[in-house]
Each structure stands twice: as C-alpha cells, then as structure tokens.
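Heads up: the structure comes next, in structure tokens.
The values are calculated or read from the model by the stated rules, or taken from the named source; none is laboratory data. This is a predicted model, so every value here is computed, not measured. Cβ placement follows ideal geometry from the backbone for every residue including glycine, while neighbour counts extend to all protein chains displayed.
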Amino acid sequence: MTSTQTMQRPPAEVRYADELARLRDTDTAPRPPGWALSLDAARKFVVGDENQGIVKKFVGDPSLVDRALVTLATSRGLMLVGEPGTAKSLLSELIAAAVCGESTLTIQGGAATTEDQIKYSWNYALLVSEGPSPRSLVPAPMLRGMAEGKIVRFEEITRCPLEVQDCMLSMLSDRVMAIGELNGPDGMVFAQDGFNVIATANTRDRGVNEMSAALKRRFNFETVFPIADFDTELALVEQEAAKLLERSGVELAPRRDVLEVLVRTFRDLREGGDRLTTVMSTAEAVSVAHAVGLRGWFLRGEVGSAADVVECLAGTAAKDNAEDLARLRRYLEQHASRRKGAQWQELHRARHLLPG
C-alpha cells in the first residue's frame, strides 16, 4: 500500500478520513439502504459545516448537491454536465466518498474504452487451465460496484463509442449484470443496496458520441455552472494553489494581488467579447497559479509575479492555437494597460514574453 504522504493526490476518503469518521459517529438521521451516511451528513461533507468543523469542498450551488444526493437515493443514475473545469469530477468523487466511503471505482471514458473495462475481463492463464469460473473472472468497476453496493463513477461518458455506452442499459434499468460465460447463480450479478452510477460529460464534447435516448432516460441530468462570483473564485484559487504549492515544497504562499490579476484575466478571457476557444476554467486558473508559484520559488527563490503569469498563460490559454495566442496578446496590449495597479502594469510590460 502506498503511503499517503507520498501520494500526489490521495482520494477524498483518504484526504478527509477524519471528517468522514466524525460524521459517521454523530449521524443519527435515517440513511438510504446501503449508504454510509444520511443525506444530511453527506451534504455537510460536500458543502461544509462550521459547527462540526467540516470544511467546504465544493464551491457551487448547495441545492445542486441536494438534488444529486436525492437522485442517487432513487434507482436513477446521476449525470453531471457542464463546461470542462467546473468541478464535475470533484463533485462526483466527494459524493461517492460520502455515500459509500469509496471513490475509486472509476471508469475513464475515451475512444479506446471497451466493454471489458466497464464490466469484467478474464485472467487468461486461469481461463485456459480451468475454463470460465469465478476464480478466473477479473471484475471491472461496474461489476464490483453492483456486487458490493458501491457508487461507480463514469468520467467523460460521451467520449465512449455508442455501443460501449449502451452496454450500461440493462445494468441501470434491471440492476443486473449477466455473465454469459458462467452457469448457474454465478452467471447473474444482482445490484446490492447502495449501488448507483455518477456519470460526467463535457458540453464541449457534445456531438462527439451523443448519448442514446434510451440511456438518457436512465439518468437525471444536473448542470454544473462556472463560479459566478469573482471573490468566491479568487478565494478558491488562492486556497487550492496554496495547498498545491505547500505539497510541492514551496515555502511562500502566493501573493493575493498576483492571484487577483490572474483570476480577473481568466474571467475576462472566458466572458469577454473576444473569447478564447480554450476553456478558461477555474481548474485551469488553479493550475496556472500553481505553476506561477513554482517558477518564482525554484527559479528565483521568491514568490511568483505577474510576469510569471504571462509565461504560464501561453501554454494554458493559447496551447497550440495561433488565433488564441493573438487574442491573448491583444488582451495584454489593450486591456491590461488600462487597469490600475502595479501588478497589472507588470502584466502589461511582460507581454513580450509571449512566444511568437
């Protein structure tokens, strides 16, 4: 077992093990069958509760969390949709950790995802020597989730081919998985109390592999929107960047005035008239703030500056799109120069650091 001290990103049930244990000990409300916590305690774990010392982990609409938990208590799956970087995966992880104490039963959707990675595969050495048997069966997340009564997370489901998506239909409607190679009781796995599915889908991927109407009917859809309030987004970026920098060995906290410039730049590029094709999400802002702090500390032994923001923005905002790079350059030349403050002026002066 890997030490949690050396894990780059421990799962939610490990990071917040003390909070989950505290909630379980004090939770007296009725729980849905198979759940580790009641709906009220699970909600507190996600949105926080100052009275019990539970930190707020999801910055978003609390009513969205309520609706998501109620959906999972029914026989319908939960589909979280929205722009990339709006914390859909984080929310699904937190809810899974609260509901069943495990968030690692995860399927990562993609063009190469196969039915075996969703349901089950075989240990071929045992299959050849013994034939099909429960011992030679290798359960995938969906089989484990059904047999153990756990939440299964399906990330980026719309990136999977349609025929792979539709293998979920019988499991979501009939709550049973048939294993055709096995005979008798072993050939049918029935879902236990607590089993359900949380899927995520990016609106940017819409039309790549559109879900069938039959599969859509098995889910309740909830849209996760970007953070509307500037101060809330700034506080989140500051908090998450500080955690990442501390874990990376950086001894200086990020400067708030630099983060203000960073977050405002992201919001302008995300919402302005000259928008980038790249998604300027809060998650990307946290990543850039982390990189800015690393540049300042490991290259100069100091806190990151607005000039470091320009250096890091090129790879995040423009990526390999020449038009986005031109839009970013225009923003630094025309908009940053009009803003008041030393960091805005430094951002404007550092525009020559953009490549090209």
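Read through the list (1) in a loop (DSSP other than H, G, I, E, B); (2) assigned by TED's automatic domain parsing to the domain that holds VAL65; (3) under 21 Å from the mean Cα position of the chain (by Cα), then give the number of the only condition that ALA201 fails.
Checking ALA201 against (1) in a loop (DSSP other than H, G, I, E, B); (2) assigned by TED's automatic domain parsing to the domain that holds VAL65; (3) under 21 Å from the mean Cα position of the chain (by Cα), the one that fails is (1).
Checking the condition surrounded by fewer than 20 Cβ atoms within 10 Å (Cβ to Cβ) and either over 22 Å from the mean Cα position of the chain (by Cα) or polar (S, T, N, Q) (or both), which residue from SER133, SER103 passes?
After ruling out the rest, the residue left standing is SER133.
Inspect all residues belonging to the stretch 221-229 and state whether any of them is crowded, with 18+ Cβ neighbours inside 10 Å, under 30 Å from GLN8 (Cα atoms), at pLDDT 90 or above and more than 21 Å from the chain's Cα centre (by Cα).
The answer is no, given that none of the residues of the stretch 221-229 is crowded, with 18+ Cβ neighbours inside 10 Å, under 30 Å from GLN8 (Cα atoms), at pLDDT 90 or above and more than 21 Å from the chain's Cα centre (by Cα).
Under 9 Å between Cβ atoms, at least 6 apart or on separate chains: pull out the pairs that start in the stretch 38-62 with a residue that is free of Cβ contacts under 8 Å to residues at least 12 places away in the same chain and end on any residue that is assigned to a strand (DSSP E or B) and among the aliphatic types (A, V, I, L, M).
Hits for this filter: GLY48/ILE54.
Just checking, does the stretch 66-81 include any residue being outside any helix (DSSP H, G or I), modelled with pLDDT under 95 and surrounded by 20 or more Cβ atoms within 10 Å (Cβ to Cβ)? Give the derivation first.
Quick first cut of the stretch 66-81, residues outside any helix (DSSP H, G or I) only: 74-81.
Now narrow it down to the ones that are modelled with pLDDT under 95: 74-76.
Add one more test, that the residue is surrounded by 20 or more Cβ atoms within 10 Å (Cβ to Cβ), and what stays is none.
No.
Looking for whichever is of a type outside the set (Val, Ile, Thr), modelled with pLDDT under 95 and over 25 Å from THR200 (Cβ atoms) here; the options are ARG275, ARG267, ARG330. Which one fits?
ARG330
In the stretch 208-223, what count of residues is obtained for those that are out of contact with any helix residue (DSSP H, G or I) (no Cβ under 8 Å at 6 or more places or on another chain) and aliphatic (A, V, I, L, M)?
Residues meeting the conditions: 1.
Sort out which residues of the stretch 256-273 are closer than 13 Å to GLY293 by Cα and crowded, with 20+ Cβ neighbours inside 10 Å, and write them in order of number.
VAL258, LEU259, LEU262 - these are the residues of the stretch 256-273 that are closer than 13 Å to GLY293 by Cα and crowded, with 20+ Cβ neighbours inside 10 Å.
Answer yes or no: is there a residue in the stretch 339-349 that is of a type in the set (S, T, N, Q), crowded, with 18+ Cβ neighbours inside 10 Å and over 29 Å from THR203 (Cα atoms).
Yes, that holds for at least one residue.
Can you tell me which residue among HIS290, HIS335 is in a helix (DSSP H, G or I), in contact with a Leu (Cβ under 6 Å, 6 or more places away or on another chain) and either surrounded by 18 or more Cβ atoms within 10 Å (Cβ to Cβ) or without any contact (Cβ under 8 Å) to a residue 40 or more places away in the chain (or both)?
Answer to the selection: HIS290.
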